[in-house]
Structures are given as structure tokens and as C-alpha cells.
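Have a look at the structure below, then the notes.
The values are calculated or read from the model by the stated rules, or taken from the named source; none is laboratory data. Since we're looking at a predicted model, the values are computed, not measured. Methodologically, a virtual Cβ is constructed for each residue, glycine included, from the backbone with ideal geometry; neighbour enumeration extends over all protein chains shown.
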Amino acid sequence: MPQRHKIELTVNGKKLQRLVEPRLLLSDFLRYELRLTGTHVGCAHGVCGACTVSINGSTARSCLTFAVQMDGAVIETVESLAPRGPLSLIQQAFHEHHALQCGFCTPGFLLSTREFLARYPDPSDETVRMALRGHICRCTGYVNIVRAVRAAAAKLKEERTGHGS
Amino acid sequence: MAADRDAGDESGMIGRPLPRKEDDPLLRGLGVFIDDIQEPPGTLHAVFVMSTRAHANVVAVDIAEAAQAEGVVAVYTGKDLAGRIKPITADIPQPGYQPVNRAVLATDRVRFVGEAVAVVIAENRYLAEDAAELVRVDYEELPSVIDVDQATGPDAPRLHEGTRDNVLFQASYRTANVETVFASADHIVRDTFQSHRLAVVAIEPRGCMAVYQRRNDSLTLWSSTQLPHTVRTAIANLLDWDETRLRVVAPDVGGGFGGKCSVYPEELIVSFLARELNAPVKWICDRREDLMTTTQGREYRFDVALAFKRDGTLLGAKAKIDCNIGAYPSFPLGASVEAGGAAIYLPGAYRMGEYAYETRAITTTTCPSGVYRAVAAPVASLATESLMDRAARELGLDPAEIRRKNVLLPSDLPYTNAVGMRYSTGSFATCLERALAHADYVGFRRTQTDNRLRDGKLHGIGMANVIEHTGQGTLRYRQRGIIYVPGFDGAQVKVEPNGRAIAWVSQCTQGQGHLTAFAQIVAHELGLGMDDVTVIEGDTAFGPYGTGTFASRGAVIAGGATLRASTRVADKIRRIAGHALNVSAGDLKLADGRVYLSGTSEVSMSIREVAAIAHSMDARALPESDSFGLEATEYYDPAATPTSNAAHVAQVSIDPATGLVTVVNYVVAHDCGRVINPLIVEGQVHGAVVQGLSSVLSEAMRYDETGQPITVSLMDYLIATAADAPDITVLHEESWSPDTAGGFKGVGEGGVIGVLPAVANAIADALVPFGCKINRLPLLPQAIVALMGSRSAGSLEDIHNP
Amino acid sequence: MKESGEFRLRASQARVWDALNDPELLQRCIPGCESVERISAVELKATIRSKVGPISATFRCDVRLSDLDPPNSYRISGQGSGGAAGFAKGGASLKLVPDGTNTQVLYDVDASVGGKLAQIGARLIDATAKKFADEFFRNLANAVDGAQTPQSTPPVAETTPPVSARGGARRAIALAVLATAIIALAAYLLTR
Amino acid sequence: MKPSRFEYFSPASTSEAVEILASYQGRARLLAGGQSLVPLLNFRIITPEALIDLSRCRGLDEIRSEGSVLVLGSMVRQSTAETSEIVRTCCPLITATMPFLGPSPIRNRGTIGGSLAHADRVAELPAVAVALGAIMIAEGPKRRREIPAREFFLGDLTTALASEEMLREVRFPISSDGERFAFVEATNRHHDLALVAVALKLVLNAGRCEQAAIAVVGVGPKPLRLPASEGCLVGKRLDAATVLAAAQLSTEGIEFESDVHTPASYRRHVLPSLVERALRQAASNAHGNDR
């Protein structure tokens, strides 16, 4: 049996140490070892986007990453967006605009949306569509997702200017 | 019971665009899909060894090496399971139907690439996959047949024992004067439309987990299914198990769309193994396996002719329909569901008295097909709506004009069409006009008159009228011989001592928002707030038996059952409150968590107080005629099949250099009767339109000449992303159904039915100068440039309307 | 997949037949041919390692020969199993027609590939098979030309291959080429 | 869809990496961003004995300009290159091409070197490297060597790197005044994998084209230059007639290939249009593609 490797990492703010077999995918590590099952696997080859998490502040496919590579990494999953209390602003926008149906793909959309809005605070429909093209949603037709993302952008802007003034 | 439009009032919950109750956990990553369920200790993982041949005799299966591999607990072959699990058979008692068996694991013959020949059970999925690679199968290849012509040719091998030929179902029908109208028609348009095989690709692949309890020989199977009750009954029948010891649970399900609307061999095998090995057994389908084994759909050939008068009046239709249903009929819907549905759907939203069809379901050595969202209706609609456009052009009419001439008008209703489907209510003409107006059809045509080429793109507009047979009940399934589909559903509504309600509904939700929509019905009837109502679905251990969620039947049938049960509970609340308040029950209204006397707020009590009385937790007594508890169970089956309707208008632009199509504007005017939650209805329409759009523009499940599927990853099976999808406007009409409880009609499939013809017609409209006809899908860039022929982008400047 | 075609070798019919009967030469000409084992007069087993960048699959091939008419024609058929990667199978009728000092080789091929490689890597299978064919033809042509040994011929794409396969779609050629490997192996049988 | 077993190494230096690589004699793979490699592992299309993760190798994520050359370390993430001001200033074509490489989560992990060394026939970066005349710096156990981009790509997933060599960095000539760029592609879906993609660099002087480099990917197993089109442009003004003539010459000598995504005939049909489009963009836009 191949050697297991010790990794130390931070997941959703919690420091962890684990021994992992090299071939263990990050998605499986999160889901089965840490029981963070909000990260879903829809294709395991990097296309559908359901498994998207944040690694060191950037979105990434957890199905295309091995846990063993994550030594020292800071990982955030959907579970970190609103660990308790009210939904985050983006989650709330998805809720209000009916931007999810079965909800399987939603965690990936949320993480990409968060990253996108941090970089592009005032996006057009077109840029939202471009930015989210790495995620497949089979239920919503994306219409309400785009609306939710734009609504969230407007809210975030409001919040910023509100705090600023 | 005809719905009473005045029943609702301002405080009612039905009709409100409420955000969904199910969202919160899903948004937090707390959804529990099949692979998210905490595995019990000792859970074993199954991996199936799939056939690499489309058609072959299985000479030998060598499991020796696999059985010795690390972590492997057991390996079973088809021969090991034969006799332990009965084959799956959808024996539909209908003329022209030939039933066939499907062994849960192939024993001596495989009939499609992906058919399971062995199953490996190991400590984890990684090890199970390692071992599955070590199973060696010796095949003796047989000729494959991948399309309906090969399967019906003179030399075609017979795929199934005990059948005459590969035509597993055929039917025909004609009205009395169809030949006469065709003989006397001024104009006949005809073409053969070929639609392509699609994979369903619910974003969550299938999967199941079985836990066996030895102490009472009972089993719980969690499965990502649309049919928990049917799966339970099938396990009982095919594994010879007492159904009362079986529980099937559909947890959160990541989309169904018909792909999870069959009982699958894996569900039976995993259940069997859990008992056999006395250990929890889990199987999660991976995406490649999903693209090879989950029922596919919509591979049809429609040869259709429409007969018209010179003025554009539609006189009749003739259709010859062939469906490629793949290697095995699905269960419970069987081999006839696609071919039968295709024929029945064709008359659509038009006044058309004469119709003849011949329809066939043909088995081939490809993945089994099933009831993919809207089944055959989108292709039937593509055929008629495309021919309608061609007739218009040939007769010198505008496409909108020819539809106005033929679409059903209020004065036509109720209308019984050429195959006996009855449309009680509908807003066919209104939807068409509203969609055209909103899309500025007239304005578009005015611009287009000058030039189809604007901003370097070719522009076109297309439309379609849509009907959707929704909420089909017991009678429809009995008529069609589909005896394994009950057709009814049930709901048990119960007010607990704290005055809050819980409803157990026999369906299961895969994203359609049942937990919200049905809660709205309960809250509406009981005068409760949305937070006071919890809906639970998908668990055979609770509530009544039922059919499942598919074919746009949720709102009508489960909604109807929920409404009926809620009404009965509301009646009891009134009786109890009337008794307690010493007023007539008939004068009491329920709202805001209270029961009060109409016209006054003085005389009232809370529903919580009523619940306390009902549970003998209050000094006041029940009326003598009532017993304890505050609950009711109702099964529901609509009086007739309610027909939803819609009109779709699509506007496209085409890059003439690359052939890439962009949908720039999309309008749907939609009527699903009384709307429970417009937010959810719009979501259903959006999703269906884009799913259908994806199938028009890019999705295609391809097989090579030998039956190898060659699009088994999402790198090769191309699903529309946000970058491909348009914004969509949904306009609502509400023609309540007199045939259903609450006036509800179904929604969910109609969007797909409309988008195929609307987009194909818009593309054909943009390409009118090229004189091409669209009769094949998908319309990938390669197809568009082929349709444009040799005219290169450079010579487009002079393209005007003919 | 069925495919007919022809290619021309700059050598006499007798020389080509002999070349096709030279096991060492063939083993060198078939890219990735690792071993050949004779089972009977008309049967053999061979191992061919097919490689595209990091992707490789080892096919164990069973080949059978029939309709022998030296030096004019024969029919071969066979199949190779690549384990979990998949399989390739095919048959071919091969005809050698003298054309002055050259030889025209006419073939009718019926071949297919299946399993995981074919399903996931359809794109690569075609390309691999084409590359495989190009190499085999170039090696064979060089060999019968009496030129240097095939191994020392670098795969320089700029040089026009000395032979060309005519015919339809790339995939057809691709599949034909998998059968070509089998053809070559089958030829090996002729010498025994 | 779980990979088979492998050993894992995470060397701190390139010399250590190539040493391990050499010791496995072709049975180990280098792991860069993993966005192309890991799908193949998950499908078990490839089953290496070891993966050598380059993410901790010192110096591989550097972006710097050295005289007339922009140097991108092989482990520079695609999204980093995309937003790098140095890259934008030195080689705007690279910046313009990045959004085509895939959606953000892919570009966040995917690397410059990984994409080039993977050598997929429809990958965009090889076209850019060939159009710009990049030099690949290979590092082996014994020496480093330079490989011009044109000689680097040999075929599907196959490069001139020897089995014990790794791609250490890529050196792009820094663009000068008068250079024009464009990147365009034809796809099945909007912003999909390329069916055919064209990257071009022109050097204009007083309106005349002094140099032209047009690279195309997707038509066959490796990137190609279009010498006939290039020849037609040099010495001429980029007027409509010249652009059209160059576009029409683009298919010359190319053996177009079919695959599951599109037939050869489509690729042949679309290439002239793409070349025309790229030339028009380049003529009007100093920063190539305007996305």
C-alpha cells in the first residue's frame, strides 16, 4: 500500500491534521472524512462545477485536486458561508429569486458567485453568464441565478456605500 | 369538484410567489442527497462491471482475481443472481405489445454497452473500482443494431427471446375521413423529422443505499428516485419480500427529469446484497456510468404530413412514428409509453378533425430509453410546428397568421381532439397573441424586411403553440395498459397538538418545490402561516401509497390530494370550533391561525386551541360525532386529464461565419390553470426551456457504428451553460381546470415542448434566404453551416428576404 | 466500420510478400509491438503497446489467418484486448497487385474499437490510430525500400509519408489501421 | 471515477523533481495544476505509478521580464497570468487569451506550463506560444535546454520533452510598438472548448505588415502556422482585399481532421472566417481580442 501522507490544513476556519492516501480526492476527503457533504460531485472530471470549493482564496474543483496536495492550505466550503444565523447576502438573493431548484449544483454556484462579485462588483447579465459558465445547472435554466447574482451585487453595493457614508 | 374561483381571498396562500421552504438547508450545504447520507459503520460499496459490447453472448465471467483483491468482500455475476432476483418485466396488456425480460445482471447475453455483467462489493469505492478492473469477461460478439432501420431490416438479429421481431409495440389509428381530406386538400406539406438520442443528465447521478435489519428481516433502501412506492413494490415482487418489511426513501434528489423514473437493476441488487451480506450496501453512479446506463430518450423519427386549405386552414394530419427505445423497455412505464405518447400528442393546440397515425417502439442495442422530460411531445411539436411554418411560406401567409387561423379559440372549448383528448379550458389564442406582442413580433418583422443580416448576424424569429397533457390519472394509465403505474397519489394532513400541520405526501420532490407549494395549499385551507406547515415526501414509511413525481403530475394529483385532505381537516376544525364556540360550523372561516365567525373577530379561537380539544388536552369536549385527532388522508385521481397550454416565441441570431446560434430573446405565455406559486411555475418554465434549448443546440448522445457510446463525459456530451442560455420572460394566464381539485393544471414539461419548435423555426426563419429545411437535430454550428451550404460569410451582404 | 483502400509500396510483389513474411521486420514495423507468440499454423498471439503521450494501453491480440494465396492475397482477422482500457478487433482482406516495379496493396478492412478508451477518448483513438498507421506504413515502406531500419527513422511530420491511404473519414482510416496491426501480425504467420 | 493508486512526491526543487521523474523511467507524471491530468486519472485512462507535484518547487511561479523576454514559470497559475500587469504590458495576447482557457475555477488552478506540456490539440495556449515564437525551457537531470514552441508540440498529448524532462519556464518575446494581436475561436457552445482557434501576431509599420505569425489549433494533432496566409500579408496594407486573400489561403496544405465534436469539413469551412476575423480585430485593436 502506498505511503499515507500527513497533511495539516485549515477547513472552514478549523485547523486539522490527517493522514491521507495520495489518491484520495479532495472532494472525497471533505465529504467522507470531514462529513462536509455540501460539496457535491456531479461529474468528477471538472466540468459540472458542483464540487467547487475555495482553496487559499480562489475557487477550484475539489474533484480535480488531491487531499495530499492540500498540506498548509486554507479551504472553504459552502458550509462556511453562513455557519449559523441568517443566510449570507448571496445565499439570501438565491433564495429570494428562486435561483435553486434541486439544490445539488448550488454550493458551487455560491462559491463562484462570491469570488466573482468580489472582483466585479457591478456586473452585467453578460458578465455574470460568462463568469458562471463553469457550472451546470440542469433545473433553473440559469435565468433566476443570473437575476439573483445581479440582485446580490446591487445589495452588496448598497451595503458598501451605506457603510461608507 | 370544480374549483371555486372565489374560494381564495387576499389572505390565502395559494397564488403567492413565496420563496421556498426547502432552500435554506440546500443553500447552507445541509441538503441530504443520497451520497450525503451518513453511512452506517461497515457500509460496503458496490461497483458494477459494465459490458464493453453492444451485443454479445457472455461466454465466461472470470472473477477469481477480483475476488482476491484488497478490500473485496464479494463478487457476483449474472448467473449468481439469476433465480435470486427475478427479471424486470413491464408486461403491458395492450394489443401490439411484446413483453421482454431484463435480468438484473446479464446472464448469457448483453444488449448494450454499459449493461452490468458483474458486481463487486468492497470496503470502499476506490478498492471496489480497483477490483472491478480485474473482472474478465469473455464475449462472443453478435451483430449490433443501433437504429430503427437496422433493427427492422430483413437481416436484423432478434434481440430478445420469445419475440416475433424487434418491434416491441405498435399501434395505429385513423379518423373516418382522413383520406378524404388529404385527397381534397389544396396543399399538403410533409417531411421526415429525425430527433437524436439524449441523455437526461440530472446533475446528481443515480445512487442508492440499503440497510438491512436482521432482527425483523426488514430493509430500508434510500434511492435517488422519482418513484419510491413503485420501487418498494418492485423489490417486494422481484425479491419475494414482504412489502410491509420494506421502506424506500427518496432523500433530497438532485433532479430527475425522467431519468430516475424507472426501477433500476441496481436498486434491486443493492437491496438483495444488503440482506445477503447482512451489511449496509451503497452504490453511487458516476457520471460516465450515468451517461451509459441511466435511461436516455427522445430518439424518434416522425414522418408527418399536414393537409391545408388554400387559406391556411388545417384539415388533418398523418404521422408515421418510430421510436428507438434501446435495449430494454423501462419499468414501470414499459415499451409503449414513448410511441403511444408521440401519437397522442401530435394534434396539439389546433382545431383539426382528421388524423391518422402508425407508431412503433423498436428495440436496439443501445442504452434503454425512458420517459425523458416531455417524452415524445417536443419532437411531435417540432414536426407540426415546422410544417406549419413551411405551409405558411408556401401559401403566402405569415407564420403567426396561419396559427391564428387554426389555434383553438375560446368558442371551441370544450374541445375534444381527433384522438379523444378533451380540452376543457385553455387560453391558446390569448397566449399566442400575448407572446407575439411581448416579443414585438410585428416590429421584428418590419426590421427583418430590410435585411436579415444585421450587425454581422443573421436574425430570425420563431414560434410554437404548446399543449401539455398533465396530471394523468388512473384512467389514462389503465387505458394505455400501463398497469404498474397506479396513477393516483395521496396525502395525509395532520394538525398536531401544537396547532401546526404536517402533511405526508406520496410523491417526492426533485427540485419542483413541493415542500413549499403543497405547504401553501395546506396553509391556505387551514388558515395557517407557512411556518406552521411542514410537508414530508419521498418516504414510504409515512403517509399513503402513491405513484411518484413525473409527467407534470405533482400539482394536479399530489396537490389535489393535499387539498382534499386539508379541506377535510379544515371541516373538522370548523366542527370542533363551532361546537366549542356554540356557533354553526358553516359560518366559520380559517385565517391567520384562528377560526372565527364570518364578519366578526369577536367570536374566535386559535387553531392551537382546536388542536388541543381534538387531542383531549383541553377541558372542552369534541362534538359527539367526531373522534380524536385532527387528520385526514385522501387519495386523489382527477376526473380528466387537464391540459396546460403555452405559446413560445424565440428570437435568434446566427454568426454566419461559425454557425453558432445565440438565442437573444425568449418569451413564453403560459397557462397551467390556477397557479399555486408563480415563482416556482416560472422556475419550471425557465428550466424546461433551457434544458430543451440545450437539446436543440448542443446535446447529443452518440454511438459509433458498433454501438459504443462515445459521448460519455461532460466534455463530449455538451450541456448548455449560463453563457448559452437567454433571459426568459414568462407571462401568466390562468384558465382554471374544472376537472381537477383546486383548478390546478400541471407544469414542468411544457417548456421543453415549446422550445424545440420555437428555436428551430427561428433558425429556419433566419436561414430562409438559403432555402434550407430543418428536419434534424441538434443544430450545432456544423449543422448550421451545412444548412447554409456553400454561401460563405463574405457573400452575405446581399442577403435580403426573398 | 468498414473501409476499403489501397497503398503503394516501392517494391516488387515478391519483395512485399517476403517482407510481410519476415517476422523480425514486421515486429519492428509495428509500432509498440512487444512480443509475438505462435499458437498454430494460422493463429498467433501478440502484445502491442499503444501510446499517446501519457496514455498507454497494452493490447493482447489473438490473430487468425485464412484464404491464403501467396503471393497474391489473404484474409486475416483478430482481436486485441486492452483489459480495462477496452478492446480492438478487426478483419482485413489484403491483395498484392504488381504495378511495374511497385506493388499496389488493396485492402478491405472491417474494424472497431470499444470500451473505456473508445468511449472517453474517441478523439484520441482516431488520432492514435492515424499516427500508428503513418508509422507502420512509413516503417514498412522504408523496410521494403531497403532503406535504413525503421527505428532510426525519426517521426518528422514535415516529410511526406512514402505511402498514403486513400479513402473516407479519418475515423475510418483510424480503425483500418488498428486492423493493419493485425494484418502485420497475421503476415508473421505466413513464415511458419 | 476514482484514480488508481500512485505514490506522491512533492519536491522542493526542480532538480529534485526531475531526479524523481527520471527514476521512474516514464512511469511517473508531473502534476502541475491538474486540470487536464486529474480527469484522465479519475477515468483511469492513465495510471501512473507516481505523481510529482510541482506546486512546491521553488521559483516555478515567477513572472518576470528579462530584457526583451517575458518569463513565465511553468507553475504560474492561468488566473495569475491573466491579471498580471507585467504580462499585460509585455504580451497582451496572453492576457487576451486567458478567458478562453476555461471558467475561473479551472484557471485558478490550471497553470501555464501544465497546459503547454499537456499539449491537447484544442488547447489555446499552444497556439499563443507558437504565434508569439515562445521558447520552452526544459530541465532534465543533466541539463537545461531550449525548445522553440514550433518544435515543442509533436502531436496529441506529446511534446519534445524527454521522459525525464520537465517544462521549467516559457520565454515569450516582449511585444514592441506596432505589434497587433488577436485570438479568436469557433466553438460548439458559447465559450466552449475550441473546435478551431487562431492566434496571431502582426508587426505593422506605417500601416504595412512587416511580420505575420498566425497559429491555428484544433485542425489536427498539433498547432500549425499558416505560412501561405502569412506570406500574403507581409509587405501589404491590411485592407479588406488583403485580409480576404490571406483568409482564403489559410486552409492551404492543412489536413483537417474530424472528431466527435465536429467534422473536418466544418473546420475547413470555419478557418478562413476565423483568420479573417482575427486579422480584422488585430487591425483595429492593439490589444487583440476585445473580450
>> Suppose the filter is aliphatic (A, V, I, L, M), surrounded by fewer than 19 Cβ atoms within 10 Å (Cβ to Cβ) and not in a loop (DSSP other than H, G, I, E, B); does D:Ala22 pass it?
In response: yes
> Of the numbered conditions (1) surrounded by 24 or more Cβ atoms within 10 Å (Cβ to Cβ); (2) in a loop (DSSP other than H, G, I, E, B), B:Pro738 satisfies every one except a single condition; which is it?
Replying inline: (1)
> What do you reckon, is B:Val495 of a type outside the set (D, E, K, R) and under 30 Å from B:Val667 (Cβ atoms)?
Replying inline: no
> Which of the strands (runs of 3 or more DSSP E) contained wholly in segment B:91-203 include at least 1 residues that are over 30 Å from B:Arg310 (Cα atoms)?
Replying inline: B:116-122, B:136-141, B:167-174
> Which of the residues spanning segment D:34-93 are within 8 Å of another protein chain (Cβ to nearest Cβ) and of a type in the set (Asp, Glu)?
Replying inline: D:Asp53
>> Under 7 Å between Cβ atoms, which residue pairs at least 6 apart in sequence (or on different chains) link something in segment D:18-32 that is within 8 Å of D:Ile52 (Cα to Cα) with a partner that is of a type in the set (D, E, K, R)?
In response: D:Leu21/D:Glu164; D:Ala28/D:Glu49; D:Leu31/D:Asp53
> Of the residues in segment A:43-62, how many are touching a strand residue (DSSP E or B) at 6+ places or on another chain (Cβ under 7 Å) and surrounded by 20 or more Cβ atoms within 10 Å (Cβ to Cβ)?
Replying inline: 10
> What are the residues in segment A:50-62 that are within 7 Å of another protein chain (Cβ to nearest Cβ) and outside any strand (DSSP E or B), if any?
Replying inline: A:Ala50
> Based on what the data block shows, is A:Leu100 within 11 Å of chain B (Cβ to nearest Cβ) and surrounded by 24 or more Cβ atoms within 10 Å (Cβ to Cβ)?
Replying inline: yes
> From the list B:Arg478, B:Arg568, which one is free of Cβ contacts under 8 Å to residues at least 60 places away in the same chain, out of contact with any Pro (no Cβ under 8 Å at 6 or more places or on another chain), outside the structural domain of B:Gln98 (by TED's automatic domain parsing) and assigned to a helix (DSSP H, G or I)?
Replying inline: B:Arg478
> Residue check: is A:His40 over 26 Å from A:Thr106 (Cα atoms), in contact with a helix residue (DSSP H, G or I) (Cβ under 9 Å, 6 or more places away or on another chain) and buried (at least 18 other Cβ atoms within 10 Å of the Cβ)?
Replying inline: no
> With respect to B:Ala319, is the statement that it is touching a residue at least 24 places away in the same chain (Cβ under 8 Å) and either among the β-branched types (Val, Ile, Thr) or within 30 Å of C:Ala85 (Cα to Cα) (or both) true?
Replying inline: no
>> Please count how many residues of segment A:63-95 are within 12 Å of chain B (Cβ to nearest Cβ), crowded, with 21+ Cβ neighbours inside 10 Å and assigned to a loop (DSSP other than H, G, I, E, B).
In response: 2
>> For a quick check of your reading of the model, give me the residue pairs whose first member lies in segment B:725-736 and is closer than 17 Å to B:Ile14 by Cβ and more than 14 Å from every other protein chain (Cβ to nearest Cβ), whose second is among the hydroxyl-bearing types (Ser, Thr, Tyr) and surrounded by 18 or more Cβ atoms within 10 Å (Cβ to Cβ), with beta-carbon atoms closer than 8 Å and at least 6 apart or on different chains.
In response: B:Glu733/B:Ser427; B:Glu733/B:Thr430; B:Ser735/B:Thr425; B:Ser735/B:Ser427; B:Trp736/B:Thr425
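Each row is one residue, and each column tells you yes or no for (1) in the same structural domain as B:His459 (by TED's automatic domain parsing); (2) in contact (Cβ under 8 Å) with a residue 40 or more places away in the chain; (3) under 30 Å from B:Arg674 (Cα atoms).
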site	(1), (2), (3)
B:Val583	no, no, no
B:Gly593	no, yes, yes
B:Met605	no, no, no
B:Ala619	no, no, no
B:Glu624	no, no, no
B:Glu631	no, yes, yes
B:Ser644	yes, yes, yes
B:His648	yes, yes, yes
B:Ser653	yes, yes, no
>> Show me the strands (runs of 3 or more DSSP E) found entirely inside segment B:623-689 where at least 2 residues are under 26 Å from B:Phe488 (Cβ atoms).
In response: B:631-636, B:643-654
> Restricting the search to segment B:288-304, which residues are in contact with a Phe, Trp or Tyr (Cβ under 9 Å, 6 or more places away or on another chain) and of a type in the set (D, E, K, R)?
Replying inline: B:Arg288, B:Glu289, B:Arg298, B:Arg301, B:Asp303
>> Against the conditions (1) without any contact (Cβ under 8 Å) to a residue 40 or more places away in the chain; (2) assigned to a loop (DSSP other than H, G, I, E, B); (3) within 15 Å of B:Pro332 (Cα to Cα), where does B:Gly259 fall short? Just the number, please.
In response: (1)
>> Please list, ordered by residue number, the helices (runs of 4 or more DSSP H) wholly in segment D:193-291 having 3 or more residues that are surrounded by fewer than 21 Cβ atoms within 10 Å (Cβ to Cβ) and within 11 Å of chain B (Cβ to nearest Cβ).
In response: D:240-248, D:264-284
> How many residues are farther than 16 Å from B:Tyr545 by Cα, assigned to a helix (DSSP H, G or I) and aliphatic (A, V, I, L, M) when one looks only at segment B:205-242?
Replying inline: 1
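Yes/no matrix, rows are residues, columns are (1) within 14 Å of chain A (Cβ to nearest Cβ); (2) under 27 Å from B:Gln782 (Cβ atoms):
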{"site": "B:Thr658", "(1), (2)": "no, yes"}
{"site": "B:Cys672", "(1), (2)": "no, no"}
{"site": "B:Gln684", "(1), (2)": "yes, no"}
{"site": "B:Ser698", "(1), (2)": "yes, yes"}
> Which of the residues belonging to segment A:1-45 are away from chain B (no Cβ under 14 Å), in a loop (DSSP other than H, G, I, E, B) and under 25 Å from D:Arg29 (Cβ atoms)?
Replying inline: A:Gln3
> If you take the residues in segment C:90-105 that are under 13 Å from the mean Cα position of the chain (by Cα) and touching a residue at least 40 places away in the same chain (Cβ under 8 Å), which one is surrounded by the most Cβ atoms within 10 Å (Cβ to Cβ)?
Replying inline: C:Gly90
>> Just to check your reading of the model, which residue among B:Ala234, B:Ala199 is under 30 Å from B:Ala342 (Cα atoms) and either more than 14 Å from every other protein chain (Cβ to nearest Cβ) or touching a His at 6+ places or on another chain (Cβ under 7 Å) (or both)?
In response: B:Ala234
> D:Leu51 is checked against (1) buried (at least 24 other Cβ atoms within 10 Å of the Cβ); (2) assigned to a helix (DSSP H, G or I) and fails just one. What number does that condition carry?
Replying inline: (2)
> Is it fair to say C:Gln119 is at pLDDT 85 or above, within 14 Å of chain B (Cβ to nearest Cβ) and under 17 Å from B:Ala56 (Cβ atoms)?
Replying inline: yes
> Cβ-Cβ below 9 Å, separation at least six or inter-chain, first residue in segment B:530-542 and in a strand (DSSP E or B), second among the aromatic types (Phe, Trp, Tyr): which pairs?
Replying inline: B:Val533/B:Phe518; B:Val535/B:Trp504; B:Val535/B:Phe518; B:Ile536/B:Trp504; B:Ile536/B:Phe542; B:Glu537/B:Trp504; B:Glu537/B:Phe518; B:Asp539/B:Trp504
> So, in segment B:243-256, of the ones that are farther than 23 Å from A:Cys43 by Cβ and in a strand (DSSP E or B), which residue ends up farthest from the other protein chains (Cβ to nearest Cβ)?
Replying inline: B:Leu246
